[in-house]
1. What is the order of Asp105, Asp77, Asp10, fewest Cβ neighbours within 10 Å to most?
2. Name the residues whose placed amide hydrogens come within less than 5 Å of the amide hydrogen of Ile39, ignoring near sequence neighbours (fewer than 5 apart) on the same chain.
3. Can you sort Arg3, Arg141, Arg87 from fewest to most other Cβ atoms within 10 Å of each residue's own Cβ?
4. Would you please give the residues with an amide H less than 5 Å from that of Val140, counting only those at least 5 places away or on a separate chain, with H modeled from the backbone geometry?
5. Full extension from Val135 to Met1: what is 0.36 nm times the residue separation minus their Cα-Cα distance, to one decimal in nm?
6. Taking the Cβ of each residue in Lys62, Lys4 as the centre, tally the other Cβ atoms inside 10 Å and list the residues starting with the fewest.
7. Count the net charge of all other residues whose Cβ sits under 12 Å from the Cβ of Glu100, scoring Lys and Arg as +1 and Asp and Glu as -1.
Amino acid sequence: MFRKVLVAIDGSSQSLQALTTAIDEAKAWSAEVHAAYVIEIGLFSSLPVDNTWEVMYSLLDKEGKEILDGAVAAGADAGVPLTTHLRQGHAGQELLNLAEEVGADLIVVGSLGKSGIERLLLGSVSSFVVMNSPVTTMVVRK
């Protein structure tokens, strides 16, 4: 039985499928959902310390808030309580930290996420979470 479900979302089709799965699991178990968007700040380490970093961070912060707002709407449509979390750091470690903080007993991640210079593949994040999670972890494939 699951009481708190944590789902990682980044706006990719895989993560949106993970969100749908997390909401379905929450409905089945009368659980609450925590949706997390993590800004992977390690991606900025090679950028010059000027306004470039600030601009990139600002864009990802805005994107994260919009994606999390969409998650809240999806939860509301399904009648599932959903709390959002916008974090920064190493995505896998931040998800594990958050799972511990909120007492999650199920973590749901997509098998792949967005790729490109603005984001690491969620595939590497999902692998990290699966290998290091002390709670049940579900990897959703499209």
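1. Details: Asp105 17, Asp77 9, Asp10 28.
Going from least to most buried by this count: Asp77, Asp105, Asp10.
2. The list, which skips near neighbours in sequence, is Arg87, Gln88, Gly89.
3. Values: Arg3 13, Arg141 9, Arg87 18.
Final ranking by Cβ density, sparse to dense: Arg141, Arg3, Arg87.
4. Amide H to amide H, under 5 Å and 5 or more residues apart or across chains, Val140 pairs with Val109, Gly110, Ser111.
5. On the way: separation 134, 0.36 × 134 = 48.24 nm, distance 1.22 nm.
This chain segment gains 47.0 nm when fully extended.
6. Numbers: Lys62 10, Lys4 19.
Result, fewest neighbours first: Lys62, Lys4.
7. On the way: positive: Lys4; negative: Glu94, Glu101, Asp105.
Residues close to Glu100 contribute a combined charge of -2.
Read-outs throughout are calculated quantities, based only on the coordinates presented, and are distinct from any laboratory measurement. Please read these numbers as outputs of a predicted model, since none were measured by experiment. Counting neighbours? That spans all protein chains shown, and the Cβs are built from the backbone with ideal geometry, glycine included.
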